[in-house]
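Structure first, commentary second.
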Amino acid sequence: MTIAGNDGGKMLSGIKVLDLTTVVFGPYATQILHDLGAEVLKVENPLTGDISRYLGPPAKTLGMSPTFFALNSGKRSVALDLKDPAQLAQMHALIADCDVFVLNVRGKAAERLGLDYASVAARNPGVIYVHCVGFGQAGPNADQPAYDDVIQAASGATSLLSRVDGNPKYRYFPSLIADKVSGLHGAYAALAAVVHKLRTGEGQYVEVPMLEAFSQFMLVEHLGGLTYDPPSGPACYSRQIDPNRQPYPARDGWISIVPYTEASWPGLFAALGRSDILDDPRYATRELRVANVSTLYAELAKLTGAYTVAQLRAICDELDLPCQPARDIADIHEDEHLAATGFFTRRQHPSEGTYFEMKQPVEFGAWPARDRGLPPGLGEHEAKFTAED
C-alpha cells in the first residue's frame with residue numbers, strides 16, 4: 001500500500017477502496033473514506049443498483065435519489081451481476097487490485113461467491129477486508145438479515161420513547177441512526193486497519209456488526225444502574241428520558257437552553273424575574289436540584305413563552321448558558337452558522353440540476369476539504385474498470 005497521489009500524499013490519497021455495500025450502513029462508511037481522499041469504486045447490481053438510489057423524495061431521474069447523493073458522491077460505479085460467472089471473475093479481478101474491500105454480503109452468500117475473507121485474501125494477501133454485518137458472527141443471529149429498524153428494536157432503543165411519554169407503544173427514532181452510527185464504526189475501523197498495514201504490511205479481517213456497534217452507542221448512558229452486578233439501580237440515564245426535557249416554547253418559536261452549572265438555575269430564573277422559584281425547599285441544594293430537575297424544567301417552560309427566541313438567546317448569552325434556536329428541519333438551509341462555515345455548497349448535476357452538497361464536517365489543518373464530486377450513474381465507470389487486458 002502506497003499513500004501518494006494528486007493530493008500531495010495527504011490523508012488517504014492513493015488508497016483504493018472496493019465498495020460492495022448497499023443502502024446506508026456500508027455506503028456511509030465508504031463515503032467518509034472517499035471524503036478523506038480514498039478512491040472508492042462502487043459495485044452495483046446492473047438491474048436495480050444500490051436500493052438507496054430510490055430512497056426518499058422522487059428525483060428527476062430514476063435512481064438518483066437525495067439519499068444516494070448524500071451517501072455516494074464522488075464514488076465511481078460499475079455494474080456487475082455476481083451470479084454470472086464471467087462478471088464474478090471481473091469482481092475477483094477488482095478485488096486483487098484494491099487496498100480495502102468493504103462488503104455487506106452475509107457470510108454464507110459471500111462464501112458461495114468466493115467473497116469470504118479466506119478466498120479474498122488468497123487473491124490479495126494484504127487486503128483489508130471490512131465486513132459490515134447485522135450481528136456479530138460468533139452469535140446465533142450471525143446470518144440473519146438486518147436493517148436499521150431491526151437493530152433499533154434488538155438494541156432496546158425502541159423502548160426509550162415510551163419511557164419519556166408513558167405511551168406503551170415501542171417506536172423507532174425518526175432517523176436511520178443505527179445505520180449511520182454503524183457506518184461511523186466501519187469508517188474508523190477501516191482507518192485503524194490502514195494504519196496497522198502501514199506499520200506492519202499486514203492486511204486483516206475486520207468485522208463491524210450493527211447490533212453490537214449500536215448497542216454500545218446507546219448503552220454508554222442507558223446501561224445505567226445495570227452496569228453493576230448486582231444492579232445499583234434501573235437502566236437509563238434519567239435526564240435523557242425525562243418528559244420535561246424538551247426545547248422550550250418562545251413567543252415566536254422554540255429554543256434549547258441547558259442550565260448546567262451551580263449558578264445556572266439561579267442566574268436564569270433571576271434574569272426571567274422569578275428568583276422566588278428557588279426558594280422552594282425542593283431546590284435548596286445542588287443535590288436537590290438535580291433530584292428534582294424535571295420540575296425545574298417544567299417551571300422554566302412556564303416562563304419562556306413570554307419572550308421571543310432572540311430575547312431568550314440574549315439572556316443566555318449574558319449568562320454564558322448554552323442555548324440555540326430549535327429549527328424546523330425544513331429551514332436548515334437558513335442557518336447562519338452553517339452558511340458561514342460553508343456546510344452547504346450549491347452544485348450542478350447534469351440530470352438533476354442544482355442541488356445542495358453537504359461537506360465533510362471534520363476540518364484538517366494540513367489538508368483542505370476535498371471536493372466530493374458528483375454521484376455516479378449506475379455503471380457509469382464500467383468501461384474503465386472491467387475492460388479486459
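The values are calculated or read from the model by the stated rules, or taken from the named source; none is laboratory data. Computed from a prediction, not measured in an experiment: that's the story for all the values here. Note that we place each Cβ from the backbone using ideal geometry, even for glycine, and neighbour counts take in every protein chain shown.
Of the residues contained in the stretch 164-179, one or more are found to be of a type in the set (D, E, K, R), more than 18 Å from residue 108 (Cα to Cα), in contact with a Leu (Cβ under 7 Å, 6 or more places away or on another chain) and in the same structural domain as residue 28 (by TED's automatic domain parsing). Would you pick out the residues in the stretch 150-170 that are touching a helix residue (DSSP H, G or I) at 6+ places or on another chain (Cβ under 7 Å), farther than 16 Å from residue 224 by Cα and touching a residue at least 40 places away in the same chain (Cβ under 8 Å)? Result: 151, 152, 154.
Of the strands (runs of 3 or more DSSP E) lying entirely inside the stretch 270-389, those carrying at least 2 residues that are out of contact with any Phe, Trp or Tyr (no Cβ under 8 Å at 6 or more places or on another chain) are 323-325, 353-358.
The residues of the stretch 129-173 that are at positive phi and modelled with pLDDT of 95 or more amount to a single one, 156. Close Cβ contacts (under 9 Å, 6 or more residues apart or on different chains) running from residues in the stretch 214-234 that are within 18 Å of residue 152 (Cα to Cα) to residues that are among the basic types (Lys, Arg) and part of a loop (DSSP other than H, G, I, E, B) comprise 221/239.
Criterion first (farther than 26 Å from residue 296 by Cβ, of a type in the set (Val, Ile, Thr), out of contact with any helix residue (DSSP H, G or I) (no Cβ under 6 Å at 6 or more places or on another chain) and not assigned by TED's automatic domain parsing to the domain that holds residue 141) does residue 200 satisfy it? Answer is no for this residue.
Mind checking whether some residue in the stretch 57-64 is surrounded by 17 or more Cβ atoms within 10 Å (Cβ to Cβ) and either among the small types (Gly, Ala, Ser) or not assigned by TED's automatic domain parsing to the domain that holds residue 212 (or both)? If you could, list the steps in order and put the result at the bottom.
Filtering the stretch 57-64 for residues surrounded by 17 or more Cβ atoms within 10 Å (Cβ to Cβ) gives 59, 63-64.
With either among the small types (Gly, Ala, Ser) or not assigned by TED's automatic domain parsing to the domain that holds residue 212 (or both) added as a condition, the list becomes 59, 63.
Among the residues of the stretch 57-64, at least one is surrounded by 17 or more Cβ atoms within 10 Å (Cβ to Cβ) and either among the small types (Gly, Ala, Ser) or not assigned by TED's automatic domain parsing to the domain that holds residue 212 (or both), which makes the answer yes.
Find all pairs meeting these conditions: Cβ atoms under 7 angstrom apart; at least six residues apart or on different chains; first residue within the stretch 57-77 and under 18 Å from residue 180 (Cα atoms); second residue in a loop (DSSP other than H, G, I, E, B) and among the basic types (Lys, Arg). Listed by first residue and then by second, the contacts come to 73/372. Residues being surrounded by 18 or more Cβ atoms within 10 Å (Cβ to Cβ) and either outside any helix (DSSP H, G or I) or at positive phi (or both) are entirely absent from the stretch 213-223. Restricting the stretch 345-368 to residues that are free of Cβ contacts under 8 Å to residues at least 12 places away in the same chain and closer than 13 Å to residue 35 by Cα, the residue that is nearest to the chain's Cα centre (by Cα) is 362.
Listed here are the residues, each with its yes/no results for (1) in contact (Cβ under 8 Å) with a residue 24 or more places away in the chain; (2) more than 30 Å from residue 58 (Cα to Cα); (3) out of contact with any Cys (no Cβ under 6 Å at 6 or more places or on another chain); (4) surrounded by 14 or more Cβ atoms within 10 Å (Cβ to Cβ).
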site	(1), (2), (3), (4)
283	no, yes, yes, yes
286	yes, yes, yes, no
326	yes, no, yes, yes
335	no, no, yes, yes
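A Cβ distance below 6 Å, combined with a sequence gap of six or more or placement on separate chains, defines the contacts here; from the stretch 115-142, residues that are free of Cβ contacts under 8 Å to residues at least 60 places away in the same chain reach residues that are of a type in the set (A, V, I, L, M) in the pairs 116/110; 120/95; 120/127; 123/95; 123/96.
Comparison of 298, 339, 330 shows that the only residue that is assigned by TED's automatic domain parsing to the domain that holds residue 271, among the aliphatic types (A, V, I, L, M) and farther than 20 Å from residue 75 by Cα is 298. Got at least one residue in the stretch 68-82 being under 21 Å from residue 122 (Cα atoms) and either in the same structural domain as residue 197 (by TED's automatic domain parsing) or modelled with pLDDT of 95 or more (or both)? Yes. Return yes when residue 101 is in contact (Cβ under 8 Å) with a residue 12 or more places away in the chain, surrounded by 20 or more Cβ atoms within 10 Å (Cβ to Cβ) and within 21 Å of residue 43 (Cα to Cα) and no when it is not. Yes: the conditions hold for residue 101.
Going by what's in this entry, would residue 368 be described as exposed (fewer than 14 other Cβ atoms within 10 Å of the Cβ) and touching a Leu at 6+ places or on another chain (Cβ under 9 Å)? Walk me through it before giving the result.
Details: exposed (fewer than 14 other Cβ atoms within 10 Å of the Cβ): yes; touching a Leu at 6+ places or on another chain (Cβ under 9 Å): no.
Spelling it out, it is not the case that residue 368 is exposed (fewer than 14 other Cβ atoms within 10 Å of the Cβ) and touching a Leu at 6+ places or on another chain (Cβ under 9 Å).
Looking only at residues of the stretch 75-95 that are under 24 Å from residue 34 (Cα atoms) and of a type in the set (Lys, Arg), we find that the one that is surrounded by the fewest Cβ atoms within 10 Å (Cβ to Cβ) is 76. For the stretch 39-82, a residue qualifies if it is among the acidic types (Asp, Glu) and closer than 19 Å to residue 351 by Cα, and exactly one does: 50.
The sole residue among 208, 130 that is in contact with a Leu (Cβ under 8 Å, 6 or more places away or on another chain), within 19 Å of residue 21 (Cα to Cα), of a type in the set (A, V, I, L, M, F, W, C) and surrounded by 21 or more Cβ atoms within 10 Å (Cβ to Cβ) is 130.
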